[in-house]
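Q: So that we are looking at the same thing, I have put the structure below in structure tokens.
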Amino acid sequence: MTMPTAPVHTTMNQFSTAGNQLLVGGLPLRHLAERVGQTPFYAYDRNLLRSRMAELRLALPENIKLHFAMKANPMPAVVGFMADMVDGIDVASAGELKVALDAGADPHEISFAGPGKRNTELRQAVAAGVLINIESFREVDLLANISLELELPARVAVRVNPDFELKGSGMKMGGGPKQFGVDAELVPELLAKIGDHKLAFEGFHLFAGSQNLKAESICEAQQKSYDLALALSRYAPSPISFLNLGGGFGIPYFPGEIRLDLKSIGRNLEQLANRAKADFPGASLVIELGRYLVGEAGIYVSRVIDRKVSRGQTFLVVDGGLNHHLSASGNFGQVIRKNYPVAIGTRMNAIQTEIASVVGPLCTPLDILADRMTLAIAEPGDLVVVFQSGAYGASASPQRFLGHSDVIEVLV
Ligand SMILES: *Cc1c(COP(=O)(O)O)cnc(C)c1O
């Protein structure tokens, strides 16, 4: 095993190399591509998923429960693998609920959030016995009826739209006017209604934002979430047994981005867990993570079809792009397009490099995987790897757009 000498983005060194080949799940990339039988494909590395969990368990206090927000990667094999390691699965649709249940996740440890839960989805959730994070007054009425009809108590928590934001997060999902949750100031009224209807109230869910690399901001949001939950708990119809403080842990994608400082988050959660012993005796404190658990364990692999030079600029045209990996193309919520870490996975030891752009096969200028990056000199047949691709990849991409073949996903 040799370390790469080619210009490889620093955030990808979770993978090692053998000669020119990137190693994925212990297999040289070309070998893996043969095993998969086609390009493009996503590959997720079990060992990396496992070591990320171990790292988190070490950094966070023992009594903090870790949930996997499966929308980050709903591949059934991944969900099954994660279900065995985490303390619960967070789902956001009946479709995800099915995958989680099929994967063998304990219904008692599944929670269901989302702003537009349909009647049928709520019925399925009650029947499954999962915890439903209520996001509107409408859901309380519906759940009351469903509980009576099915003769099953609906297990509920209240998703609170806090009166603060998660500073510096890539995507804000709380604070100000939001479609998510119930505004904090309306929660006392909602709790009274939950009590009137005798739903099985368990606690609160607060989620302020996503993709945050600033530990300070995350700690601040966790503290504020805790304090808000404490204030609201005065109005609760029964004691709190569940307090989900959200997540938002980010991963580095772009040059200069610095890995999240888990130690300070661990210390902060330890303080909150200690406070909770008095404030919420017996309650579980939960952190829900998606991207942080799976993002760095995955790569997207495509094959160079063509190599073109247009007016001095080199283009590597590969067999997949934004149709499979919208995020890497920069079209999934990014304000300014930046390159994900990309390498030629079959030339990891190359000395000679060039500036090249990697583009997909779609007839749109948006289909870019790498814009003028320094890469090993590649030829048709070489495999291009996009790192940090284990979250919001295949399931977050418009696969039908332009009618190319679907991407395959493998867990190795
Ligand atoms: C999307 C989402 C998550 C996961 O966010 P990541 O940035 O992938 O960690 C967690 N909780 C809720 C409520 C979400 O909507």
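Q: State whether the residues of the range 142-160 include one that is part of a helix (DSSP H, G or I), modelled with pLDDT of 95 or more and either touching a strand residue (DSSP E or B) at 6+ places or on another chain (Cβ under 8 Å) or outside the structural domain of LEU260 (by TED's automatic domain parsing) (or both).
A: Taking every residue of the range 142-160 in turn, at least one turns out to be part of a helix (DSSP H, G or I), modelled with pLDDT of 95 or more and either touching a strand residue (DSSP E or B) at 6+ places or on another chain (Cβ under 8 Å) or outside the structural domain of LEU260 (by TED's automatic domain parsing) (or both).
Q: Moving on to the next point. Look at ASP183 and say whether it is at pLDDT 95 or above and surrounded by fewer than 16 Cβ atoms within 10 Å (Cβ to Cβ).
A: Against the criterion (at pLDDT 95 or above and surrounded by fewer than 16 Cβ atoms within 10 Å (Cβ to Cβ)), ASP183 qualifies.
Q: Mind listing whichever residues of the range 31-64 are farther than 15 Å from TYR292 by Cα and not in a helix (DSSP H, G or I)?
A: Scanning the range 31-64 gives GLY37, GLN38, THR39, PRO40, PHE41, TYR42, ALA43, PRO61, GLU62, ASN63, ILE64.
Q: Which residues, taken from the range 285-308, are among the hydroxyl-bearing types (Ser, Thr, Tyr) and within 16 Å of the ligand (Cβ to nearest atom)?
A: Of everything in the range 285-308, just one residue is among the hydroxyl-bearing types (Ser, Thr, Tyr) and within 16 Å of the ligand (Cβ to nearest atom), namely TYR292.
Q: I would also like to ask the following. Determine, yes or no, whether SER169 is buried (at least 19 other Cβ atoms within 10 Å of the Cβ) and in a strand (DSSP E or B).
A: no
Q: Please verify whether the range 212-227 includes one or more residues that are aromatic (Phe, Trp, Tyr), surrounded by 15 or more Cβ atoms within 10 Å (Cβ to Cβ) and more than 14 Å from ASP163 (Cα to Cα).
A: no
Residue-wise test of (1) within 27 Å of the chain's Cα centre (by Cα); (2) more than 18 Å from ILE132 (Cβ to Cβ); (3) away from the ligand (no atom under 16 Å from the Cβ).
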| site | (1), (2), (3) |
| --- | --- |
| ASN145 | no, no, yes |
| GLU151 | no, no, yes |
| ARG159 | yes, no, no |
| GLY168 | yes, yes, no |
| GLY174 | yes, yes, no |
| LYS178 | yes, yes, no |
| VAL182 | yes, no, no |
| LYS193 | no, no, yes |
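Q: Tell me the strands (runs of 3 or more DSSP E) entirely within the range 284-337 that contain at least 3 residues that are open to solvent by less than 10 Å² (accessible area, probe 1.4 Å) and in contact (Cβ under 8 Å) with a residue 60 or more places away in the chain.
A: Filter on the range 284-337 gives 284-289, 298-310.
Q: Another question, if that's okay. So how many residues does the range 261-283 have that are within 24 Å of ARG159 (Cβ to Cβ) and within 16 Å of the ligand (Cβ to nearest atom)?
A: 2
Q: Among the numbered criteria (1) within 14 Å of the ligand (Cβ to nearest atom); (2) open to solvent by less than 10 Å² (accessible area, probe 1.4 Å); (3) at positive phi, which single criterion is violated by GLY203?
A: Result: GLY203 fails condition (1) only.
Q: Mind listing whichever residues of the range 65-88 are within 11 Å of the ligand (Cβ to nearest atom), among the hydrophobic types (A, V, I, L, M, F, W, C) and not in a helix (DSSP H, G or I)?
A: PHE68, ALA69
Q: Next question, about the same structure. Among the strands (runs of 3 or more DSSP E) confined wholly to the range 359-412, which include 2 or more residues that are touching a helix residue (DSSP H, G or I) at 6+ places or on another chain (Cβ under 7 Å) and within 17 Å of MET12 (Cβ to Cβ)?
A: Answer list for the range 359-412: 383-386.
Q: Restricting to the range 361-412, what's the tally of residues that are surrounded by 22 or more Cβ atoms within 10 Å (Cβ to Cβ), out of contact with any strand residue (DSSP E or B) (no Cβ under 6 Å at 6 or more places or on another chain) and polar (S, T, N, Q)?
A: 2
Q: Another question about this same structure. Tell me the residue from ALA43, ALA33, ALA94, ALA59 that is out of contact with any Leu (no Cβ under 7 Å at 6 or more places or on another chain) and in contact (Cβ under 8 Å) with a residue 24 or more places away in the chain, please.
A: Going through ALA43, ALA33, ALA94, ALA59 in turn, the sole match is ALA94.
Q: Looking only at the range 376-412, how many residues end up being more than 16 Å from the ligand (Cβ to nearest atom) and closer than 24 Å to ASP306 by Cβ?
A: Matching residues across the range 376-412 total 23.
The values are calculated or read from the model by the stated rules, or taken from the named source; none is laboratory data. Note that the structure is predicted; figures quoted are calculated from it, not measured. Positions of Cβ are backbone-derived with ideal geometry, glycine not excepted, and every protein chain shown enters the neighbour counts. Just so you know, the surface numbers come from the protein's heavy atoms only, side chains and all, with ligands and any DNA or RNA stripped out. Shrake-Rupley method; radii C 1.70, N 1.55, O 1.52, S 1.80 Å.
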